[in-house]
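Everything below concerns the one structure shown next.
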Amino acid sequence: MIKPAMSQSDRGAIHDTPSATDDNIEELFKEVYHNLSRFKKSYEMMEKTFRIYVYKYGYKPLVHGAKRSGVYATEGLFLQRMEIPNNGFTVTDPSKANMFFMPYSVRQMVDYLQDPHSRSMQPLKTYIANYVEKIAAEYPFWNRSHGADHFFASCHDWAPESSLNHEELHRNAMKVVCNADVTRHFQIGKDVSLPQTIVPESISGHGGNEGSKKLAKVMSTSTLELHEERVHSREQRPFLCFYAGQMHGRVRPVLLKHWKDTDPLMKIYEVLPASIATNLSYAQHMRLSKFCICPKGFEVNSPRIVESILNGCIPVIIADNFVLPFADVLNWNKFSITVAEKSIPDLKDILMGVPDKTYHAMQRRLKYVRRHFVWSQSPPLLVKKYDVFHMILHSIWTQRQINIVPTLNTARPVSQTS
């Protein structure tokens, strides 16, 4: 029997909650949410009833931890917080759990199992399929739901496809991933989109240079209010938009083809040239731009979305088929712009067409959503209500309610050894 996280009457009460009439509830501002009252009630219910058992099986470096810095930092930070005792959600008694977390790291498998001269995912897929079979043999929980109350979390590009060697894992378990592409094994209504963040090594405890230390200070929750006042004030932003980055994938080259060196108001680069970066850094470009372009690379997700929010620059998301993080709660239209990939030639017209009043309202709202994309760093790590860790848990919990009685696929693994 699959244990429900809450009763049917409680789910109905949350669904029927009317929109808030006040401007805010507990410093949450209703204009950035689809329904603030419903979210608040749902969040409170999650705190009371949602409990997760973290499997003990497995050994480092492939299980129970991952790097907490760099482009895949979200994966390591989430794994770290899930393993911290007394975090309010994990339990040592699996009979009290609503869901079960498999704490393996796709990122670590790429580092330790992947042949650097091959693009084959087979070593990862085989390890993961065998891992699931092991917990299914040693614990009763997988077999009673065929994986429907289980989940894994990863920010690596390969995460959605890493489960393909185990049919039940792939079809029934929840994928909590950054690469939330509906055309690449991400299922709306079952899976969860993770926000991708780049965390400097100085935040993660691995050292870091002077530049990363400055960004660490910006991202620290201890300086949250001061940073918000600085980057979200009505300061002059002379640039219409900004982008700089590697030419990964097919969308970014199109962006540069149309807009690199075409307009002084549009700061569109490949890698930010050293001659320019010396005088105006990447972060400074963001803080001087009205809009920050966030095009997909090889995959739909991009850390630029969170970077833009932190720097008070309205994200312009160019990634067809991307399911945005926390989209069931946050109304992204209130603080970001989505541009279809085919509309890149019209980018300037689209941005210039945003009225000043609308722009200022959208830019102001960034400070209201920022708290949902920050990893709490001050000890204890888990004291910040509504931070990114708790928002991820809320997304998982919300999807759990949708899938209380899922349509189960009971097929056995495709392959465990090949």
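Under 22 Å Cα-Cα from LYS348, which lysines qualify once same-chain neighbours fewer than 8 residues away are excluded?
By straight Cα distance, LYS348 reaches LYS257, LYS260, LYS267, LYS290, LYS296, LYS334, LYS357.
Give me the Debye-computed log₁₀ of I(q)/I(0) at q = 0.18 Å⁻¹ for the range 319-358, equal point scatterers on Cα only, no solvent, two decimals.
The Cα Debye sum returns log10 ratios of -0.63.
Strictly greater than 15 Å: what percent of every Cα pair in the range 269-331 meets that?
Details: 1107 of 1953 pairs.
Within the range 269-331, distances greater than 15 Å cover 57 percent of Cα pairs.
Roughly how many Å is it from the Cα centre of the range 134-194 to that of the range 65-117, as a whole number?
14
Determine, for each peptide in 312-323, 159-170, 331-342, the mean count of other beta carbons within 10 angstrom over its residues, then list the peptides with the highest first.
Highest-to-lowest ranking by the protection proxy: 159-170, 312-323, 331-342.
Relative contact order, percent, of the range 106-178 when contacts are C-alpha pairs under 8 Å separated by at least 6 residues?
This gives 35 percent for the range 106-178.
How big is the Rg/Rh ratio for the range 253-296, C-alpha atoms only, Rh by Kirkwood, two decimals?
0.93
Could you order peptides 350-358, 181-189 by the average number of other Cβ atoms within 10 Å of their residues, highest first?
In decreasing order of mean packing, 350-358, 181-189 become 181-189, 350-358.
Only the coordinates and a few stated rules stand behind these numbers; no lab work does. Everything numeric here is computed off the predicted structure, so don't read it as measured data. Cβ atoms come from the backbone with ideal geometry, glycine included; neighbour counts cover every protein chain shown.
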